[in-house]
1. Could you order the peptides B:446-457, B:10-21 from most to least packed, using the average number of other C-beta atoms within 10 Å per residue?
2. How big is the antiparallel share of DSSP beta bridges in chain B, given as a percent to the nearest 5?
3. Rg and Dmax of segment B:190-249, Cα atoms, in Å?
4. So how far, in whole Å, is the C-alpha centre of segment B:320-382 from the one of segment B:1-53?
5. Write out the trypsin sites (Lys or Arg not before Pro) in segment B:874-914 meeting two conditions: DSSP loop, and at most 15 other Cβ atoms within 10 Å of their Cβ.
6. Among DSSP bridges having both ends in the protein assembly as shown, what percentage is antiparallel? Round to the nearest 5.
7. For the pair B:Ala954 and B:Asp744, what calculated FRET efficiency results from E = 1/(1 + (r/R0)^6), where r is the Cβ-Cβ distance and R0 = 60 Å, to the nearest 0.05?
8. Calculate for chain B the 222 nm mean residue ellipticity that helices alone would give, adding -39,500 (n - 2.57) per DSSP H run of length 4 or more and normalising by residue count, nearest 500 deg cm²/dmol.
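Only the coordinates and a few stated rules stand behind these numbers; no lab work does. Keep in mind the model is a prediction, meaning the values are calculated, not measured. Every residue, glycine among them, receives a Cβ derived from its backbone with ideal geometry; neighbour counts consider all protein chains shown.
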Amino acid sequence: MRINCPYCGERDASEFTYLGDASLVRPDATPKDPPLDPVSDEAQALREQFHDYVYLRDNVAGFMRESWYHGGGCRTWLTVERHTVTHEIKSVTAAPGVGAKAPKKSGRRG
Amino acid sequence: MASNQSHRLRDGGIVDRSQPLDFTFDGKSYSGFSGDTLASALVANGVKLVGRSFKYHRPRGILTAGSEEPNALVELRTGARKEANTRMTVTELYDGLEAASQNRWPSLKYDFLSVNQLASPIFVAGFYYKTFMWPAKFWEGLYEPLIRRAAGLGDTAKQPDPDHYEKAWAHCDVLIAGAGPAGISAALAAGRSGARVILAEEDFAVGGRLLADGGEISRKPASEWLTNAMAEIAAMENVRLMTRTAVFGVYDGGTYGLIERVNDHLPVPPAHQPRHRLWRVVAKRCIVAMGAIERPVVFGNNDRPGVMMASAVRSYIGRYGATPGKSIAVFTNNNDGWKTVDLAEAAGVKIAAVIDARDDLPPELLARGKEGNFSVLNGRVSSADGGRDGITKVRIALNGGATAQVDADCLAMSAGWNPAVGLTCNHRGKPEWREDIAAFVPGNCPEGMTVAGAANGHFSLKDCLSGGHRAGAEAAKAAGMSGKPGTAAKSSAEEYGQTPLWHVAGKGKSFVDQQHDVTASDVKLANLEGFQSVEHLKRYTTLGMATDQGKTSNISGLAIMAEVSGRSIPETGTTMYRPPYVPVSIGALAGHHRDEEFHAVRLTPSHHWAEEQGAVFVDTGLWKRAQWYPRPGEKDWLESVNREVLTVRNGVGFCDVTTLGKIDVMGSDAGTFLDRVYINTFSKLAVGKARYGLMLREDGIVMDDGTTSRLSEDHYFMTTTTAKAGPVMQHLEYCRQVLWPDLDVQLTSASEQWAQFSIAGPKTREVLKAVLDPSEDVSNDAFPFMGAREVKLRDADITCRLFRISFSGELAFEISVPCAYGDAMARNLMKAGQPHGIIPYGTEALGVMRIEKGHAAGNELNGMTTAGDLGLGRMMAKKKDYIGRVMAQREELVSPDRMVMVGIKPVNKLDKLYAGGHVIPKGAKPGPDTDEGYVTSVCFSPMLDQYLGLGMVARGRDRIGEIMSVCDPLHGKTYDCEICNPVFYDPEGGRQRG
């Protein structure tokens, strides 16, 4: 497979490391003051959110936005839009902030 | 000359008769010519029996003249270079070649296991599953060795391969697979258009069928056109011809796998030359021009030596000037088969008869029986007579119902041609059935691929030339070229005129797959037993498996399956085609990555110095690390390690810790960044201070630990464990780029920029004073525990980093020097420390001291433990978020019943502890229900004069002082141990703070 790194150009997939779904957004977990009681509903809800974030994945047969790391090149984390059945790659972009919590005004970046 | 080449024709062919070559087959000497294959040389010597078949040990001859050969497999060469299952039809002859037939004992002529033919009922389809079902335990001891001896192919060398293999990349606009008339035409058109072209040909000679069949191109002999075309190609710098190179697979993104047999045609590769080269070619476009494979007819005893493909007979006569028979019968269902008649007659070889199966046999062909010296029979060959030395007679069922027989020592058969669709069906390409030629042709090809010539079902020379030219011009244009492709070469039209014919009922076994001994009855049996899907048919009967992947058998097999299951051939369908299309040596896939070159080796800058000191090295990941430094008179490693530990604890020693991962974290938000990746706080760390940090995975489990220092307001220097240097860097980059792009922070891997040494022991300061600039004050007040700052070396303008951190529990510093000075620094420390008795120590002593101090390391950071498990729960900050914080609070991860890290001390001081032992309540019966933990790390502690261990024990911190049992079934021991505080030595920590 060939991945067209926006910084390095088209390279063989062996230079890259696959992570997985790039649509995941890390939940906001800024500690409260005073800290939440770990057995409170609120704390439990936060753990549920993180459970989904860490473990739950869609098993997509089709195009999927994935995180790839160009460790054998520029060390950029990339978002690769790839077809999981045909391996066709539709787009490759650098991934600043795609996993960040959504900014308040401008919507999701990336 | 060793023999007279009884079947070599007086002239003709493209072998070089001025260059005779001697070779042996099964120990007997023969000779051939330069330009021969092993197969053509054996044909020239009248050798017909070349092997025994896979299951039934039936005598077999040469069926084809190319890469698709199922039968003529040999063990080529001897000794370490012996290569089993080598197809003699693609083995170039060289002087001194040695080959041996396979799967026979004691000899090819008198094969003991040919009695398998009598036992043939047990070798029917699915015999593996039926015969050897029960009892299961008989498999390993009895059935498998039996089958391996009875049914099998060649024998391996059993010695390391002495040759080299390599891998290479190439990039081009147009990759062309196959240099026959279509491929060459394509290369000319694409090359003239300006495209960068790679023209790959599996054969050692280019020309494809032209080499055997000749013909006319542009009103001149085809050979003339071939010479001119190849001269034009050679003159084009943008076209690269690669012979002996087969395209074997299509991969994603226009990547193709090619195998170049660089030096198989020589006895031994020249010095520094590889035997094979694996190419990965990235091409914008690919043209498949791999021709077609002639298909056999399935009839009785169709596997007898002397039965050969008609095109192969032409190849031996036309290309090699050697005839497979003195009296040849031709059996065909198409006009192409008649070319064999013309060619043989022109070469002066006797045609015994032509058997044409077509009901609508053209009268002019029928008439040739009257004018020629042979009879033309309208019918089908039903069986061949003759034994191991070849056929003597063919029996014919005439189309009217009568029978006939013809004496012949060779039967040339043609049931038409199958386009070589293999590559076009990679990537889920599905071939399409074309009724008019009764063959599968390429359907939806992989992205960027087109097909030309016979591979596309266009069998005439005219269509190959024009189709190749068109494909070449289009591919070049699609690749962005605008040059003129010129015009296509021309040839006259031909009529193929075939009528489908797959199977003729007759006396004797009728083989579909000769390599795996699959008969027409096996296919019928599979149908009866419900294995009608072609994929089931393949697995159940083994049809189409092994080295030839059914190139001559798949279509016949599925045609028979279609017939008996009452479906059409396209309804029956083909099996999935997967790479490799031709055999690829494992050596080529490995390339240079074997033995010492299996992976890269990383050496620390002081490696050679350590070697001089006689260090014993250990592999840690890619690194070589000094494990201990034996001294003369020390009887084993333990004695050396004990000395190293005692010297450090009582004097001073140093250890190379360069292999730790080192990352510069810089920027105004560097502290905030570290707060988010470590469980503890770094933003408030004072400049000039170091702190131990622990990071978690997002699921709350410990990922890595290390010491991170603040060298200036916005510059931190992180260290990671040796093993996790790469993964931590990747993780931090993910956090920086994907999660928190708004932070002003930059990461730089500095692992290879710094050589780092740990200097430890009560006399450390004396050594440091000797190596550092006199202005550097390393007293406890000026450089307290966990201090970190840049220092200058004595008499050298080199800035180093000095950290007062301790893994050993002694007064200790770690010093980083630019890696170019690593070797000098080791020598410097030895010299400066000599008056104080300094010694180097290795990773073993390092490990002993960390266990004595109860520091967790890789064995405890094992992907299952939490910060709390390791006794570091209180480091988890409450007022900030960090990776893993939320998930670490999960009920199971904070349960008081968890296994936590404790010290483990045998009650009997003489008991030797091993890592991996299981901790159970004292006196309990070992088992899953009594298992309460395990031993992770052990050492012999010279300070406590006994073995010590660290381990994970359920509720361990509440059980300090409890006597439990450690059960070690691996060493057959169970012994009592005391659960204790993991810090065995200097629990107050006074020594490292002194």
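1. The peptides rank, most packed first, as B:446-457, B:10-21.
2. 75 percent
3. 12.5, 37
4. Between the Cα centres of segment B:320-382 and segment B:1-53 lies a distance of 25 Å.
5. Numbers: sites: B:Arg874, B:Lys878, B:Lys879, B:Lys880, B:Arg885, B:Arg890, B:Arg898, B:Lys909, B:Lys912; in loops: B:Lys878, B:Lys879, B:Lys880, B:Arg885, B:Arg890, B:Arg898, B:Lys909, B:Lys912.
Of the trypsin sites (Lys or Arg not before Pro), the ones in loops of segment B:874-914 whose Cβ has at most 15 other Cβ atoms within 10 Å are B:Lys878, B:Lys879, B:Lys909, B:Lys912.
6. Beta bridges within the protein assembly as shown, antiparallel portion: roughly 75 percent.
7. On the way: r = 45 Å, r/R0 = 0.75.
Computed FRET efficiency for B:Asp744 and B:Ala954: 0.85.
8. Taking each H run of at least 4 residues, the total per residue is -5500 deg cm²/dmol.
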